[in-house]
Amino acid sequence: MTSESTLTAWRAEVDRLDQIFPREPANEAKHLELLGKLRQRGIRLDEGIIEEIDHHFAPYTIAVRIGWSWQELFGLR
C-alpha cells in the first residue's frame, strides 16, 4: 500500500514535469512512469492528448487490434 504522502509527492512531480518546456525525453519518460503508477492505484489525472493513448501501443499492436475489430464485425471471431 502506498502512503498518502508518497501519492501527494508523485502528483506534485507530475504537475512539475508537465509544466517544463521544452519537453525532454527523460522528463517525459518520468512523467509517464508516474502517471502509470498513479493509474495503477486508481488515481487518474488529466493526462493530455498524447498520454491518453497508451504509450505502449506500437503500430503492430494497433494493426492487430484493428484486425480483431474487423473479425468481430464480420462474426469471424
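The values are calculated or read from the model by the stated rules, or taken from the named source; none is laboratory data. Keep in mind that this is a model prediction, so the values were computed, not measured. As a convention, Cβ positions derive from the backbone with ideal geometry for all residues, glycine included, and neighbour counts pool all protein chains shown. Protein only, heavy atoms only, side chains kept; ligands, DNA and RNA dropped before computing areas. Shrake-Rupley method; radii C 1.70, N 1.55, O 1.52, S 1.80 Å.
General observations
- Extension gain, Arg16 back to Met1 (0.36 nm per residue minus Cα-Cα distance, nm): 3.0 nm
- Heavy-atom accessible area per residue - the range 8-49, 1.4 Å, Å²: 69 Å²
- The label point for Thr8 and the one for Ala29, both projected 7 Å from the Cα toward the Cβ, are 3.0 nm apart.
- Around Arg41: net Lys/Arg minus Asp/Glu count, Cβ-Cβ under 14 Å: +2
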